[in-house]
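The values are calculated or read from the model by the stated rules, or taken from the named source; none is laboratory data. Note that the structure is a prediction, hence the values are computed from the model and not measured. Here the Cβ positions follow ideal geometry from the backbone for every residue, glycine too, while neighbour counts run over all protein chains shown.
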């Protein structure tokens, strides 16, 4: 019956360990989201290529990643790749898996943002003899980014909440630490509750920050240097 009651002494004992695990979770999210944001844009641009030898394979890769579970992708990278000489640490494997997974989703967000821009602006760029690079850099991407910031932000928050799946390959993030602490002391109420609250707090802070960014960036577009 004691296990049904909250133990504050035990909470104080395990809280530092869970905070250390939180730092690993946040690092995985920050690194993964940075890669996903850049790679997602690259995927979107390559998928819009006029050359089918580029656009078709990229389209297949994107749909394949989006259509298979993240956990399967994590296992594939961690257990299959070492057989072919690509041996990575659990943390790096997890970050690569989660960034690839969300890059595929973000690429569709980028693509929808770019395709929502009036075709007249593309025609005007052609009339001005702008290269494809200049058209994307100076015309399309600066206008496409502001409307899609909320969607990109939602994926970053979702990525943060998906990090417990990295525990499947022994990454010592918050959920893995909570399970270890619970099994050591046969008390799961405190560690799992604290982890849930930490996820909630960080997610709310991230959502608030994304809304601030959305307000700061002008709706008419941004200037890319």
Checklist entry - If you take the residues of the stretch 177-225 that are under 20 Å from residue 154 (Cβ atoms) and outside any helix (DSSP H, G or I), which of them is modelled with the highest pLDDT? => result 217
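Against the condition assigned to a helix (DSSP H, G or I), surrounded by fewer than 18 Cβ atoms within 10 Å (Cβ to Cβ) and within 17 Å of the chain's Cα centre (by Cα), how does residue 151 come out, does it pass? Steps first, please.
On the way: assigned to a helix (DSSP H, G or I): yes; surrounded by fewer than 18 Cβ atoms within 10 Å (Cβ to Cβ): yes; within 17 Å of the chain's Cα centre (by Cα): yes.
So residue 151 passes the test.
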Checklist outcome for this item: All-but-one check, residue 86 against (1) in a loop (DSSP other than H, G, I, E, B); (2) over 24 Å from residue 173 (Cβ atoms); (3) out of contact with any helix residue (DSSP H, G or I) (no Cβ under 7 Å at 6 or more places or on another chain), failing number (2)
Next on the checklist: Checking the structure you have, find out if any residue of the stretch 113-131 is closer than 30 Å to residue 170 by Cα, in contact (Cβ under 8 Å) with a residue 24 or more places away in the chain and part of a helix (DSSP H, G or I).
Outcome noted: no
Checklist entry - Are any of the residues in the stretch 95-108 over 22 Å from residue 217 (Cα atoms) and at pLDDT below 95? => result no
Next on the checklist: Let me spell it out: the conditions are (1) surrounded by fewer than 19 Cβ atoms within 10 Å (Cβ to Cβ); (2) in contact (Cβ under 8 Å) with a residue 12 or more places away in the chain; (3) farther than 19 Å from residue 34 by Cβ, and residue 136 meets all of them except one. Which number is the exception?
Outcome noted: (1)
Checklist entry - Any residue at all in the stretch 48-55 that is under 22 Å from the mean Cα position of the chain (by Cα), surrounded by 14 or more Cβ atoms within 10 Å (Cβ to Cβ) and either part of a helix (DSSP H, G or I) or at positive phi (or both)? => result no
Next on the checklist: So the check is Cβ under 7 Å with 6+ separation or different chains; which pairs have a first residue in the stretch 180-193 that's more than 17 Å from residue 168 (Cα to Cα) and a second one that's outside any helix (DSSP H, G or I)?
Outcome noted: 187/7; 189/6; 190/6; 190/7
Item to check | Residue that is surrounded by fewer than 17 Cβ atoms within 10 Å (Cβ to Cβ) and in a helix (DSSP H, G or I), where the choices are 104, 97, 144, 158 | outcome: 158
Checklist entry - Yes or no: residue 125 out of contact with any strand residue (DSSP E or B) (no Cβ under 9 Å at 6 or more places or on another chain) and more than 15 Å from residue 31 (Cα to Cα)? => result yes
